[in-house]
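A quick write-up on the structure given underneath.
Bear in mind these aren't lab numbers, they're just calculated from the coordinates by the rules spelled out. Worth saying up front: this structure is predicted, and the values here are computed from it rather than measured. As a convention, Cβ positions derive from the backbone with ideal geometry for all residues, glycine included, and neighbour counts pool all protein chains shown.
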Amino acid sequence: MLKVFTLVLLFASFLFANIGTVSLLEGKATILRNGQTLGANIGDKVENKDVISTQVNSKIKITFIDNTIVTIGKESSLNIEEYIFNTSTKEAKTELNVLKGAFHTITGEIGKVNPDKFKLKTKSASIGIRGTEFYGDENRIVCTQGRIIVLSNSVSVDVPSGNYINIFANQRPSAPLPLENNTLDNIIERLNTNNQSNNNGVDNFNNVPSSPLALEGSTLRTLDNLDNQNSWGNWNENLQALQDDKNNAILNNSIQDGINSNNNPTIAITEPSITKTEPSYIQSLMDSVNLTQLSFVGNISSTELNPGENIINNTIRIDIFLGSYANYVQGDFNFSTNQLRSYSGSFYNSTINKDGFWASDYSDSFIEGKFYGKNISSVGGIIVMQRPGDPTTNGTFSATR
């Protein structure tokens with residue numbers, strides 16, 4: 001009897017363990033958990049059975065522990081019906097339900113370890129994956145990388161990259177159709193917001209696809225025809241603008257604020273080059289059979305310090321490895337002030353693609369960054385510093401080779 005009770009407790013603790021983090025929030029969102037509605041904030045943990053909902057002109061991104069990333073747009077709801085990911089036993093299962101609204105999903109390690117156990121449902125369809133990236137809402141499912149299997153009204157449709165299908169409440173889905181100029185317009189509009197702040201006062205950035213900064217798995221490859229604006233037209237141009245514009249403005253402004261801050265005269269951050277590195281150049285390094293290591297050293301800034309609080313230590317070191325089937329990020333950071341605010345960590349978990357990178361430490365601190373300069377001469381982005389029992393501090397970082 002004691003063994004059974006112990007097993008029940010272990011299962012319960014596993015079921016309700018932290019399975020992901022709110023890694024982006026624009027506007028306002030809530031988390032319904034055990035009948036209680038909680039206000040969502042960046043850095044909040046999510047659990048099995050959580051129902052996450054956004055309000056008007058809002059969006060939220062959830063980064064799961066296997067680096068699966070799900071973004072839902074304005075007036076949307078996501079039910080985490082079941083999520084299991086055990087790195088030791090390779091046990092993995094994901095069942096998500098977008099109750100309403102627009103979504104964008106990039107699958108992480110579960111898509112590699114056990115792709116048959118990943119399911120995302122909408123009102124009219126169920127989507128299975130094969131290591132992929134896809135968008136959708138109540139009326140349309142779009143595959144932009146990899147391949148998806150869509151089951152709707154007992155009909156299964158194989159949708160390859162660069163295609164979409166229309167889905168309906170009470171009839172068969174359409175056959176796969178090639179992406180056109182305006183295919184993604186409505187979904188992207190529902191994923192985008194005009195809101196440049198969230199309910200905890202921390203600056204945000206856009207994240208399509210999957211935040212350019214907290215990214216696809218390290219082996220993910222973007223097909224050339226999806227990157228060719230001449231081939232796909234305005235939908236790709238809109239997608240890139242959604243990724244880049246606000247993130248660049250916030251990044252550069254935040255770094256400059258740190259340089260000019262009277263409260264933090266010790267900060268000496270080198271602002272990244274205005275020009276981002278061409279994604280095709282980064283992709284070529286990632287696809288190369290040769291391994292390229294790029295090392296960066298820089299500083300951290302934060303505008304969340306108290307009056308009279310000065311930074312004592314604000315260093316960050318980032319090593320980026322590209323090519324030879326090993327695209328990943330390593331490094332460490334150290335941040336402390338004269339008011340006993342102190343964070344440090346070493347990055348052990350990361351994802352990287354042609355648009356940027358994401359890395360975290362064991363205390364759930366993480367960075368999301370972009371590449372700058374013709375030959376990746378610098379990197380920069382946001383850093384969220386966390387330590388058990390202490391409040392989160394948000395900041396920006398910039399580092400050069």
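Numerical summary
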read-out: Mean Cβ neighbour count within 10 Å, used as a protection proxy, ranking 85-97, 318-330, 21-33 highest first; value: 21-33, 318-330, 85-97
read-out: Radius of gyration, Dmax [the range 255-400; alpha carbons; angstrom]; value: 15.4, 51
read-out: Ordering of 350-363, 141-154, 282-295 by packing [mean C-beta count within 10 Å, highest first]; value: 350-363, 141-154, 282-295
read-out: Ascending count of other beta-carbon atoms within 10 Å, so fewest first, for ILE383, ILE106; value: ILE383, ILE106
read-out: Highest-first arrangement of 72-80, 308-316, 371-379, where packing means the average Cβ count within 10 Å; value: 72-80, 371-379, 308-316
read-out: For the range 369-377, 3J(HN,Hα) per residue [Karplus equation, 6.51 cos²θ - 1.76 cosθ + 1.60, θ = phi - 60°, Hz, x = Gly/Pro]; value: x, 10, 9, 9, x, 4, 10, 6, 7
read-out: Length-normalised contact order of the range 255-400 in % [C-alpha pairs under 8 Å, at least 6 apart]; value: 25
